[in-house]
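Readers should treat all values here as calculations from the given coordinates under stated rules, not as data from a laboratory. Everything numeric here is computed off the predicted structure, so don't read it as measured data. Cβ atoms come from the backbone with ideal geometry, glycine included; neighbour counts cover every protein chain shown.
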Protein chains: 2
Amino acid sequence: MDHRCAGDAAGQGGAVTGALIGAIEAGGTKFVLALSDADGTLIERGRIATRSGHETLAEARDWFAAAAERHGSIGAFGIASFGPIGINPDSADYGVYLSTVKPGWHRTSLAEALAPFAAPMAVQSDVNGAALAETLHGAGRGHQVVAYTTVGTGIGSGVVNRGAIMGGISHYETGHIHVPQDPAIDPFAGVCTYHGNCCEGLASGPAIMARWGHDLSGASEQQIALIAGYLAHLSVALISLHRPDRLIFGGGVMQAAGVLDSLRQQTRAIVAGYLPEWDADLSERIVAPELGHDAGIIGAIELGRCKLTGG
Amino acid sequence: MDHRCAGDAAGQGGAVTGALIGAIEAGGTKFVLALSDADGTLIERGRIATRSGHETLAEARDWFAAAAERHGSIGAFGIASFGPIGINPDSADYGVYLSTVKPGWHRTSLAEALAPFAAPMAVQSDVNGAALAETLHGAGRGHQVVAYTTVGTGIGSGVVNRGAIMGGISHYETGHIHVPQDPAIDPFAGVCTYHGNCCEGLASGPAIMARWGHDLSGASEQQIALIAGYLAHLSVALISLHRPDRLIFGGGVMQAAGVLDSLRQQTRAIVAGYLPEWDADLSERIVAPELGHDAGIIGAIELGRCKLTGG
């Protein structure tokens, strides 16, 4: 695992009264910045445009320096970021952007940028941050094992198991598994640069646009079912390889009417009674997220809270 | 998670000097029983035939009672068992056989059978037990995240992440994901009772026998490649959903010459450079198990050791 924090740390917050949390939701077009107190209450929130790594992180650092000037010193940072970024705390690449794709970001280091604050830092992928936020404060509340998946420009999942964000030597890449495709029904070659017709290559937003020239809001019932069917195989892979008690599916593709319902029905049909908890109406098992655009920054705050209390 | 024990507990063993471990590898045809000391050294080993749940567990109980009479009291039990069995310690079904399939086992309880010893008990699936044993003492030694898969009568995997056996609300069911199948090359409908052509339905020992009337020892290169290809998709699912740094593939199907090599090559081909650690010769990444038939009982002993030290 990369992150363990047993749920809501409000109780422990009292032990570090006065210390604040700096939180970053790092996205490809904008960075959302936040300062919260130790129990997660928002004190100040900002937003900067994403430029080069060096420029963007310098601006973020200045924002936190000014905010700390006004409100008090920062005891920990939590960051939920686009990737690829090192999220293994034992690795030299922790908090380092690894992409050679995004111009001006390769080898940019969050740890270096935030070093002046001398505060510990928890770094996670954006999807893992959202998964944590949804588990603690959103659609996963009260569940033991939550798998959160976003289906948009890409497809990715985060799994939170009894308060801990799951990960191996790096974050999961669930969108890149291959799922059954019947070329007689869907001859589409897929859009994934690496894999063509992996799940992301067949069912992400860009795959839908490339295949039909429109998104799912203008899709037929058959088109909805086709995309939901690919996602149902991902859903079954998550079920089989993580045994969650709740699946959350969000992102742009899931917004279209009928996708979530079709995903539920097809997931149940594929499991085919093998696992009793998935052999029922799945309205309460497979659900939409609840936090919307706030999931990322809420997740980042929670990552920081956990770091503040030694997690 | 269902089990957390940070690797070798020999250091802590000293704290409970004198307490012994009772270990059971519970299989469909035989139960292997063992008594070890706190550092895992075998003291005595036995074997009984698997009959009804009540008879078998009574005989196991008597064996341990006699062994304890000779060697000293049992401080903890570790059990690696066939399933389905409850492995969630928070559930009322912990250590209870859930199968209605195996005659005379439904609702048989290990906890009830071993109650006379008043010792804590760690129960895991047989695959998870073997995964733990291979990680600590076999082909996974020195690796952070090990995914162990057995391909035989069925297909199942256990994942050990930094010393902890991973699990959600129950153990994983990796054999039951669906993998791409080209009916022009392999029109076989699959043998899985529930799913037909899930991975287990296509690539398990019975699937191979049903399709060709012989096992892989008499197979052509094309047949080997077909089966290894299905397993490569499972391998990619494990890689994508658990990010292990080592995969172990064992079981009868993996014994045939060429299967492991083909699995390595096809796994690399499917990942297609997306994850750098899998874009290399995979001889050291995907390996055979090392412990052979002893993996189950060694895993059971380790489960008991962990329980003895409070894990």
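Here are a few things to note about the model shown:
- Projecting the Cα atoms of A:I48, A:L241, A:P289 onto the dipole axis of chain A, where Lys and Arg carry +1 and Asp and Glu carry -1 at the beta carbon, places A:I48 farthest toward the positive end.
- Antiparallel content of DSSP bridges confined to chain A, in %, to 5: 55 percent
- Each copy carries a label point for B:S217 at 7 Å from Cα toward Cβ; from one copy, the others' points are 6.3 nm away, ordered from shortest.
- Relative contact order of chain B: 23 percent, from C-alpha pairs under 8 Å at least 6 residues apart in sequence.
- Taking all Cα pairs closer than 8 Å and separated by 6 or more residues, the relative contact order of segment B:78-189 comes to 20 percent.
- Net charge dipole, segment A:73-215: roughly 200 debye, given to the nearest 20, about the Cα centre with Cβ charges of +1 for Lys and Arg and -1 for Asp and Glu.
- DSSP beta bridge pairing in segment B:45-159, given as percent antiparallel to the nearest 5: 55 percent
- Cβ-defined net charge surrounding B:I24, 12 Å radius [Lys, Arg +1; Asp, Glu -1]: +1
- In units of the rule-of-thumb radius 2.2 N^0.38 Å, chain A shows an alpha carbon radius of gyration of 1.01.
- GNM result for chain B, Cα springs below 10 Å: residue of B:S235, B:S99, B:S170 fluctuating most strongly: B:S99
- With helices as the sole contributors, chain B gives -10000 deg cm²/dmol at 222 nm; each DSSP H run of n ≥ 4 counts as -39500 (n - 2.57), and the sum is divided by every residue.
- Largest GNM mean-square fluctuation among B:V160, B:V179, B:V253, using chain B with Cα springs under 10 Å: B:V179.
- Cα-based helix-to-principal-axis angle, B:126-137 vs chain B, degrees rounded to 10: 90 degrees
- The angle between the Cα long axis of helix A:221-242 and the main principal axis of chain A comes to about 60°, on a 0 to 90 degree scale.
- Relative contact order computed over segment A:139-289 (Cα-Cα under 8 Å; 6+ residues apart), in percent: 26 percent
- Loop-located trypsin sites (Lys or Arg not before Pro) in segment B:21-119 whose Cβ has at most 16 other Cβ within 10 Å (DSSP): B:R51, B:R107
- Evaluated at q = 0.06 Å⁻¹: base-10 log I(q)/I(0), Debye formula over Cα of the protein assembly as shown: -0.33
- Spatial separation of Cα centroids for segment B:232-283 and segment A:234-255, in angstrom: 24 Å
- Distance histogram in 10 Å bins (all Cα pairs of segment A:139-289, percent per bin): 12, 44, 35, 10, 0
- With Cα atoms, 0 to 90° folded angle of helix B:259-271 axis to chain B main axis: 70 degrees
- For B:G28, label point 7 Å along C-beta direction: distances to other copies, nm: 4.8
- Distances from A:L42 to itself in the other copies, using label points 7 Å out along the Cα-Cβ axis, amount to 6.2 nm in increasing order.
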